[in-house]
Amino acid sequence: MNETEALRRRYARRHVAARVGVYGAAVLAALVCALPFLWSLVSAFKQNRDLYNPESNPFAFNEPATPDHVRFLLTDTPFLTFVGNTLLVGAAVVALTLLMSLPAAYSLARLNRPWGTPMGIAIFLVYLVPPSLLFLSLTRVVVSLGLEDTLWSMIVVYPTITVPVSVWLLIGFLKAVPKDVEEQAMVDGHSRLGAFARAVLPLVFPGIVAVVVFTFTLTASEFVYALAFVSSSPKMVVSTGVPTQLIRGDVFFWQSLQAAAVVTAMPIAFLFNLFLDRFVTGFTMGAVKT
């Protein structure tokens with residue numbers, strides 16, 4: 001009895017030590033990942049003499065904090081205009097991506113055709129083509145459509161990047177849904193389109209969330225096309241407008257740059273964490289059931 005109790009206590013101590021080690025590693029990893037964000041947040045409110053003093057602690061306020069640089073970003077630069085343009089372009093690209101990728105993924109996942117698998121692989125390979133190789137051809141498309149120096153240029157071009165990988169991801173999500181679900185809906189009187197809308201779409205919502213997060217993040221962070229197709233400041237997005245307005249020659253508005261990074265990252269991080277469970281579920285479902 002004593003030996004059994006000793007073994008139980010030993011295993012209990014090992015279990016506690018293992019749990020403490022796992023949580024300790026997770027906390028350490030979270031701190032390492034949050035370190036740049038923390039540095040940016042502190043730097044945004046630092047005074048110039050505090051920021052440029054090499055002896056100052058970069059993660060603490062050695063001088064009293066000041067909101068002047070954040071106020072300069074919001075009032076003396078068109079930062080809010082850049083944010084609005086980014087939201088507009090992101091929402092339009094997300095809508096176009098879903099509008100094109102959902103039917104394409106459904107047809108490749110459900111319609112048994114001999115060209116289905118090669119077509120799916122070909123669509124994914126398109127995503128692997130470097131944007132620099134498509135730059136000249138896409139520039140000709142934008143010029144031919146008369147969309148240069150407009151937000152529409154980005155709305156037209158970005159789906160060429162987001163649609164291929166979105167189709168590939170959604171194929172995995174749709175294959176994870178049993179065919180019996182939509183067949184039962186069709187037996188109940190729905191058309192194939194109605195069965196897809198009423199029975200399949202709610203089940204692949206995690207995949208749709210994954211596509212939305214991926215598409216919007218990629219759109220908001222893209223730089224090359226946004227810089228090439230839009231040159232006027234009122235039509236720029238955050239990725240190009242912030243460097244243009246806050247880097248003037250050899251003068252860098254470091255605190256305002258850090259504030260712009262924090263203000264831009266916070267809503268995306270909040271939405272990502274809000275849908276994190278569905279996002280991870282969707283990606284793991286698509287990864288396993290292909």
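The values are calculated or read from the model by the stated rules, or taken from the named source; none is laboratory data. Everything quoted here is computed from the prediction, not taken from an experiment. Don't worry about glycine lacking a Cβ; one is built from the backbone with ideal geometry, like all the others, and counts go over all protein chains shown. Note: accessible area is taken over every heavy atom of the protein model, side chains too, but ligands, DNA and RNA are not part of it. Shrake-Rupley method; radii C 1.70, N 1.55, O 1.52, S 1.80 Å.
Some values worked out for this structure:
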{"read-out": "Sites Ser107 and Cys33 - FRET efficiency at Förster radius 45 Å, r taken between beta-carbons, to 0.05", "value": "0.70"}
{"read-out": "Cα-based shape type of segment 121-172, given that a ≥ b ≥ c are square roots of the gyration tensor eigenvalues and the cut on a/c is 1.5", "value": "prolate"}
{"read-out": "Kyte-Doolittle mean at least -0.5 and Cα axial length at least 20 Å: DSSP H helices in the chain", "value": "2-44, 79-110, 159-175, 205-221, 254-274"}
{"read-out": "Sparse-neighbour loop sites [chymotrypsin sites (Phe, Trp or Tyr not before Pro); segment 52-132; at most 11 other C-beta within 10 Å; DSSP]", "value": "Tyr52, Phe59, Trp115"}
{"read-out": "Cα gyration tensor shape for the chain, rounded if a/c is under 1.5, else prolate or oblate", "value": "oblate"}
{"read-out": "Loop chymotrypsin sites (Phe, Trp or Tyr not before Pro), segment 151-255 (other Cβ atoms within 10 Å of the site Cβ: 16 or fewer; DSSP)", "value": "Phe223"}
{"read-out": "In Å², nearest 10: area of Asp188 left accessible to a 1.4 Å probe", "value": "110 Å²"}
{"read-out": "Protein accessible area in the chain, 1.4 Å probe - carbon and sulfur %", "value": "69 percent"}
{"read-out": "List Glu182, Glu63, ordered by accessible area with a 1.4 Å probe, largest first", "value": "Glu63, Glu182"}
{"read-out": "Accessible area in square angstrom per residue, segment 1-146, 1.4 angstrom probe", "value": "68 Å²"}
{"read-out": "Top positive-direction residue, dipole computed over the chain with Cβ charges, set Trp39, Gly90, His15", "value": "His15"}
{"read-out": "Most mobile listed residue (Gln245, Gln184, Gln258) in the chain, GNM with C-alpha springs under 10 Å", "value": "Gln184"}
{"read-out": "Relative contact order %, the chain, counting alpha carbon pairs below 8 Å whose residues are six or more apart", "value": "28 percent"}
{"read-out": "Charge dipole magnitude, Cβ of K and R +1, D and E -1 - the chain, Cα centre, debye nearest 20", "value": "920 debye"}
